Amino acid sequence: MLKKRIEEIITLIAEVANGNFDYELELSDAGNEMDAVIAGISMLGQELKKSTVSRDFMQSIYQGVVDMLLILNTDFTIRNVNEAFEEATGCSEAELTGKHFSELFSETESLKLLEAIYKLEEKGKCLNTELLLHTSRQSTIPASCSFSYLHDNKKEKDGILIIAKDITELKKKEQELNEAREKAEAANEAKSHFLSSMSHEIRTPLNGILGFTNLLQDTPLNATQSQYVSLIQSSGSNLSKLLNDILDLHRIEQDKIAIESIPFDIRAVIASHLEPYKYLAREKKIDFNYTFGDAVPQVITGDPTRINQILINLVSNALKFTDKGCIKVHCDVQDVSDVSKEAVLQFTVADTGIGIDPEKQQIIFDSFTQSDQSTSRKYGGFGLGLAISKRLVDLMGGEIGIDNQCEGQAGTTFRFSIRVGYLEEKSHASNKQVEFEEDKAFMLQEGIKVLVVDDNPINVFLIQELLERVGANVTAAISGLEALEASDKTPFDMVLMDIQMPGMDGLEAAGRLRKSGFKSPIIAFSANAYQEDIDKSINAGMNDHLCKPFTFQELVSILKRWV
């Protein structure tokens, strides 16, 4: 009996040794030492079964994962690679085992490898380092590699695991995006160049049209002639406004418009810009008025040019689409902070015109969009004013929208708010009407010599006429080279210099004048209206910029400032 039991135990040991971990022997009722040996061997078999199953499970994961896996020894030699690595690189595990892992990577990656090893030793891991893997096909694979230590059951370092993700497709997408961005930037640059050239080519003749129209208005005219001249001036002004709108929209799209923050008398500045619309409204037999709330500060800090641009866009639209009734403009304080000295101003422009359908109110702030495309045929316009106004309001930290009218009520009410600073002191701003009258009577001191440099004879004739009206002695040159020769002969008190001229342009001529010791003011007299163009003029040695088309008041302002 004992011999048989011993043979059974020997059979159990053999089965377990051969991997048959489920082989069992029944225990006797005696519970003796033999039963204890059988129970111990059976427990060992189950532990070995668990260990083997766990090992096989991990091996199936290791081989089945889609990412490339490498296991290194602690000396950075290769111990194992998975099937995904073999398929991607064309190198078998047998070929790689025992090699230093750095042989897998391009020579150009040595610095990145050193950085990855340093991070691994310092932090125990290094994640998402982009490296180039060699393949047996003499090519490389871009891979995102993560390094981490492997530990044994005693928590000691037993190896290094590298998980390498093939990012070839990602790199292709990045390359495509970079190429698309470069093409978009090139197209945008071409667009900017085209708009700049278009602006120059349109503004140059427009300057002559508006300038001579203004001169013509100062001559004796009968009623019919006066009306014709006014229509010419109005058409030219509309063209100038459209050109400015197109350039502004492009600058806003490129984030190249900066909002100023300067102190100004808001009542005086807005009144000076809205006052002319009273006369236009009177011609259409429409009541027009603008008012300010008592709480509106006298002096605020903000961008007067952009605030007026928004108001004029809204008022122009109201005047265009209103045939009878009235237009009311009102400014009031919506919110104020005594601590930060900031206020939120709200403007309303209400009219009794044709109105806007509720379903169209959301699209009218899109570029080149009108509430009804048929209005462009009847009233004109290109749908730019509101789009520009919305973007300017956004830049000033405000909102713009339309009030819903009651059923049966005609007209439209636009509201917009902007955030401004305010000053407590009273305004010392000059009366605009007084300034206008002073400009009309302005005269230079006797003997002031001005050099006008422009290759367009109409513009030369125009500005020469205006300068001689205020007492200047004018010399004309048609190129930068002629300007240099004239300045050598005559000590001019001011130079008005066009920028785009054949041969030597205005920027080069200004630079040469400064190098020769010329100290008098040089004013850029140009149709280039972009801020970067103005900055180039200043950097070339010029003092200021007079943009074509210009008004007589703008010319007088330049003369007051520099002569």
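Some points to look at:
- Efficiency of FRET from Cβ geometry, TRP562 and TYR279, R₀ 30 Å, rounded to 0.05: 0.40
- Counting only protein heavy atoms and a probe of 1.4 Å, the accessible surface of the stretch 444-563 is 50% carbon and sulfur.
- Whole-number percent relative contact order across the stretch 99-236, with pairs defined as alpha carbons under 8 Å at least 6 apart: 13 percent
- Cross-link pairs beyond the 30 Å C-alpha cut-off, checked among LYS449/LYS548; LYS123/LYS154; LYS320/LYS360; LYS241/LYS519; LYS191/LYS241: LYS241/LYS519
- Accessible area per residue for the stretch 64-131, computed on protein heavy atoms with a 1.4 Å probe, is 56 Å².
- Descending by average beta-carbon neighbour count within 10 Å, the peptides 441-451, 165-175 line up as 441-451, 165-175, the highest first.
- For the listed residue pairs LYS119/LYS172; LYS278/LYS560; LYS285/LYS341, the alpha carbons are over 32 angstrom apart in LYS285/LYS341.
- When you filter the trypsin sites (Lys or Arg not before Pro) in the stretch 505-563 for DSSP loop state and at most 15 other Cβ atoms inside 10 Å of their Cβ, you are left with LYS519.
- Distant-in-sequence amide H partners of VAL336 (H built 1.01 Å from N, under 5 Å): VAL344
- Expressed as a whole percent, the accessible area of the stretch 159-283 that falls on carbon and sulfur atoms is 57 (1.4 Å probe).
- As a rough guide to protection, the peptides 128-135, 416-423 ranked by mean Cβ packing within 10 Å, highest first, stand as 416-423, 128-135.
- FRET efficiency, 1/(1 + (r/R0)^6) with R0 45 Å, evaluated for GLN334 and LEU177 via beta carbons: 0.55
- Theoretical FRET efficiency, 1/(1+(r/R0)^6), r = Cβ-Cβ of ALA271 and LEU114, R0 60 Å, to 0.05: 0.25
- Gain on full stretching of the segment that runs from ASP218 to ASP35 - 0.36 nm per residue minus C-alpha separation: 53.0 nm
- Most tightly packed first, judged by the mean number of other beta-carbon atoms within 10 Å of their residues, the peptides 119-125, 207-213, 396-402 read 207-213, 396-402, 119-125.
- Virtual spin-label span in nm between LEU127 and LYS191, 7 Å along Cα→Cβ: 3.9 nm
The values are calculated or read from the model by the stated rules, or taken from the named source; none is laboratory data. Keep in mind the model is a prediction, meaning the values are calculated, not measured. Every residue, glycine among them, receives a Cβ derived from its backbone with ideal geometry; neighbour counts consider all protein chains shown. Side chains included, ligands, DNA and RNA excluded: accessible areas come from the protein's heavy atoms. Shrake-Rupley method; radii C 1.70, N 1.55, O 1.52, S 1.80 Å.
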